[in-house]
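Structure record follows, encoded as structure tokens.
Nothing in this text is a laboratory measurement; each read-out follows from the coordinates by a stated rule. Quantities reported herein were computed from a predicted structural model and do not represent experimental measurements. We place every Cβ from the backbone using ideal geometry, glycine too, and count neighbours over all the protein chains shown.
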Amino acid sequence: MKLYDAAWAPSPRRVRVYLAEKGIEVERAVVDLRGGEHLCTDFADINRQRQLPALLLDDGSVIDDSLGICRYFEALHPDPPLFGTTPKEIGLIEAWLRRIEHDCFQAVAISLRNRAPAFVDRAVSGEWPAIPQIPALVDRGHCMWNAFADVLDRHLDGRDHMVGERVSMADIAGLVAIDFGIATRLPDPRIGRESLARWHAGIAARPSAAA
Ligand SMILES: N[C@@H](CCC(=O)N[C@@H](CS)C(=O)NCC(=O)O)C(=O)O
């Protein structure tokens, strides 16, 4: 088994933080995303989508999605549980994971990929025909980012975790998406949002966050 990983990028970080929380060690190969190593011919043999992370299994199968990879390890190593145990927890964590992906992570991706010169004609991540940037979408990304931050701040009022009383994959995905937005210079959502700021400080202080 080998985990194809990459520095700085959010989707690989999601898997690293998850593995650190679980205490799971996996052999890794680090791909140079900034240098475009994933765009070379060889990497297409691992992941035709040319995205990171990807987990190569011993039978040659490849799981080419960060949450798919975490689900795989969760099935192998259920403790400590990060995707919930009760039906209610499982449902709520899944709902937050989807919301974080669509309303927060995509907000950052939309605003970054439609303005940064590195993504000219690659405005959507993955293997596509040339997709030109649409500068007007940058404002849409900003609008979604701010609106999601308000929703999250209200949800975290009186809560230390997204769901239930312990850390879950929703907290990990939320932390990674928020940090991604801050790193790409979207407005810091912690400013003026006390509950979000308190939650972020708590999750970011866990040793796993440095993975
Ligand atoms: N759904 C995928 C998305 C993976 C993804 O978008 N990876 C980005 C890094 S965060 C990537 O490899 N981008 C390469 C590119 O756009 O050229 C997952 O969560 O694993």
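Loop-located trypsin sites (Lys or Arg not before Pro) in segment 2-52 (DSSP state other than H, G, I, E, B) with a sparse environment of at most 14 neighbouring Cβ atoms within 10 Å: 34, 48.
Could you calculate the FRET efficiency of residue 57 with residue 116 from 1/(1 + (r/R0)^6), where r is the beta carbon distance between them and R0 is 22 Å, rounded to 0.05? Spell out each step's value before the answer.
Numbers: r = 33 Å, r/R0 = 1.52.
Computed FRET efficiency for residue 57 and residue 116: 0.05.
Loop-located chymotrypsin sites (Phe, Trp or Tyr not before Pro) in segment 1-57 (DSSP state not H, G, I, E or B) with no more than 12 neighbouring Cβ atoms inside 10 Å: 8.
Excluding residue 123 itself, what net charge comes from residues whose Cβ is under 13 Å from its Cβ, given Lys and Arg +1 and Asp and Glu -1? Working shown, then result.
Values: positive: 113, 115, 122, 140; negative: 121.
Its environment carries a net charge of +3.
Taking a point 7 Å out from the Cα of residue 131 in the direction of its Cβ, the residues of segment 50-88 whose backbone N falls within less than 20 Å of it are 50-54, 64-68. Here's the picture: charge each Lys and Arg Cβ at +1 and each Asp and Glu Cβ at -1 in segment 87-210, and of 180, 148, 118 the one pushed furthest to the positive end of that dipole is 118.
As a check on your grasp of the helix formula, calculate [θ] at 222 nm for the chain: sum -39500 (n - 2.57) over DSSP H runs of n ≥ 4, divide by the residue count, round to the nearest 500. Each step should come with its number before you reach the end.
Numbers: 8 runs with 96 residues, N = 211.
Result for the chain: -14000 deg cm²/dmol, rounded to the nearest 500.
With a simple spin-label model that places each label point 7 Å from the Cα along the Cα-to-Cβ direction, the separation between residue 185 and residue 42 comes to 3.4 nm.
Contact order, relative form, for the chain: 21 percent (alpha carbon pairs under 8 Å, 6 or more residues apart, mean separation divided by residue count). A simple charge model with +1 on the Cβ of Lys and Arg, -1 on the Cβ of Asp and Glu and nothing else charged puts the dipole of the chain at about 560 debye relative to its Cα centre.
Mind listing which GluC sites (Glu not before Pro) in segment 127-211 are in a DSSP loop and have 16 or fewer other Cβ atoms within 10 Å? Could you put the intermediate results ahead of the total?
Working: sites: 127, 165, 194; in loops: 127, 165.
Of the GluC sites (Glu not before Pro), the ones in loops of segment 127-211 whose Cβ has at most 16 other Cβ atoms within 10 Å are 127, 165.
Tell me, what is the percent relative contact order of segment 87-210, built from C-alpha pairs under 8 Å that lie six or more residues apart?
Working: 145 pairs, mean separation 34.4, N = 124.
Rounded, it is 28 percent for segment 87-210.
So, in Å, what gap is there between the alpha-carbon centers of segment 77-129 and segment 1-15? Computed from Cα coordinates, the inter-centre distance equals 14 Å. Going from the residue with the fewest nearby Cβ atoms within 10 Å to the one with the most, 157, 59, 64 rank 59, 157, 64.
Straightening the chain between residue 88 and residue 25 buys 19.7 nm, computed as 0.36 nm per residue apart minus the Cα-Cα spacing.
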